[in-house]
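Read-outs: derived from the displayed coordinates by stated rules, not from any lab. Note that the coordinates shown come from a computational prediction; the quantities given were computed from them, not determined experimentally. For neighbour counting, all protein chains shown are included, and Cβ atoms are generated from backbone atoms with ideal geometry for every residue, glycine included.
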Amino acid sequence: MSSKIESAQLAAFRPKSGRRLITYMWKYRALYVMALPGIAYFLIFKYIPLLGSAIAFQDFNMFKGVGGSPWVGLKHFQRMAENPEFLHILNNTLLISLYDIVFKFPAPIILAIMLNELRLVLYKRIVQTVVYMPHFLSWVIVSGIAVGILSPSSGMVNQVIVWLGFEPIYFMGDNAYIRSIIVGSGIWREAGWGTIIYLAALAGINPELYEASEMDGANRWRQTLSITFPALLPTIVIMFLLQIGNFLDFGFERVFVFLNPLNIVNGEILDTYIYKAGLLRQQFSFTTAVGMFKSVVGLFLLVIANALSKKATGESLY
């Protein structure tokens, strides 16, 4: 019955014929005017730039432009697949993105559940403020903090290592640690901010569910597994799908500020590679092909994850 009512309500907002479209739009003109800035943003910054992807199939010359540059088909995609440097950087990106999903994605969920268990309101608000604050720091500042903490001469971490009787470690100059540093700094900066969505979902849980479970003898751990986590599951699924869609889009500034000649072998990702090859070496067509590859892979993973999610949990983006 409710679905029929919803269908009737939606039908009321649809124009019944093409001839009445203008009348319909005029009737709801205020809504269309409010939507114009958002529509303009996506048109100007998202859709129109897609036309520039044509240079991935050209030997682009900035003086000749898109219209005058010769078309070369899939030449740059073939070069990309045969380039050992690209394949190594792709492997770096896949590993760092995988670590980010495994360790960074659950962090705000766990933190939100822990904050939700705090009963002293003042203390809870103080903790929330403290864990939110790193989000407002730029990656340049975050990298500076990391360099200071991990410094082999004056860093807090190495002072503890020396106190324990071991030799200091130059973390920022070792390929073995750079991936952990990148992912760990991301967890520190974003985990608190990511709790906002999950805390909002937790606020919508009916308190009577917890009261009923207490009467049945359930402890806090059992309540978390049986009530809290299932209530968070739809939000977790949506956020995970959004994360999967950006699997190869790790973020240029997040990585670039940590790179140096000593750790670049394991630290370089596709975003920093596009910057160096595209802007510094002026390989515009090749890096556009790399960007298209990232987008296609992200779309492919998103469609697959969305289909699996819809079948397994009933939750999906579309």
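Think of each Lys and Arg Cβ as +1 and each Asp and Glu Cβ as -1; about the Cα centre, that makes the dipole of the chain roughly 1460 debye. Across region 76-312, the mean sequence separation of Cα contacts (distance under 8 Å, 6 or more residues apart), normalised by length, yields a relative contact order of 29 percent.
The convex hull defined by the C-alpha atoms of region 52-175 has an orientation-averaged projected area of 14.1 nm².
In the chain, a dipole from Cβ-located charges (positive for Lys and Arg, negative for Asp and Glu) runs towards its positive end, and of ILE109, PRO234, GLY67 it is GLY67 whose Cα lies farthest in that direction. Between PHE240 and PHE63, the distance separating the two model label sites (each 7 Å from Cα on the Cα→Cβ line) works out to 5.4 nm.
The phi torsions of region 130-139, fed into the Karplus equation with coefficients 6.51, -1.76 and 1.60 and a -60° offset, translate into couplings of 5, 6, 6, 4, x, 4, 8, 8, 6, 5 Hz, rounded to whole numbers, with Gly and Pro shown as x.
Shape analysis of the chain places it in the oblate category; the axes a ≥ b ≥ c from the Cα gyration tensor give an a/c of at least 1.5, with a/b not above b/c. Under 5 Å from the amide H of GLN58 lie the amide H atoms of VAL72, each residue being 5 or more positions distant or on a separate chain, with H modelled from the backbone and absent for Pro and chain starts.
For region 241-316 versus region 209-230, the inter-centroid distance based on Cα atoms is 40 Å. Rounded to whole numbers, the Karplus 3J(HN,Hα) couplings from phi for region 278-289 are x, 8, 7, 9, 6, 9, 5, 5, 5, 6, 5, 5 Hz, using 6.51 cos²θ - 1.76 cosθ + 1.60 with θ = phi - 60°, and x at Gly and Pro. Its Cα gyration tensor gives region 128-220 an equivalent ellipsoid. The semi-axes, each the square root of 5 times an eigenvalue, are 40, 18, 11 Å from largest down.
In straight-distance terms, cross-link reach from LYS64 covers every one of the lysines whose alpha-carbon lies under 22 Å from its own, apart from those fewer than eight places away in the same chain; here that gives LYS75. Here the residues ASP59, ASP216, ranked from fewest to most Cβ neighbours within 10 Å of their Cβ, fall in the order ASP216, ASP59. The simple spin-label model puts a point 7 Å past each Cα toward its Cβ; for LEU308 and PHE103 those points are separated by 2.2 nm.
Split the chain at each of the trypsin sites (Lys or Arg not before Pro) in a DSSP loop with at most 11 other beta carbon atoms within 10 Å, and the longest piece is 120-280.
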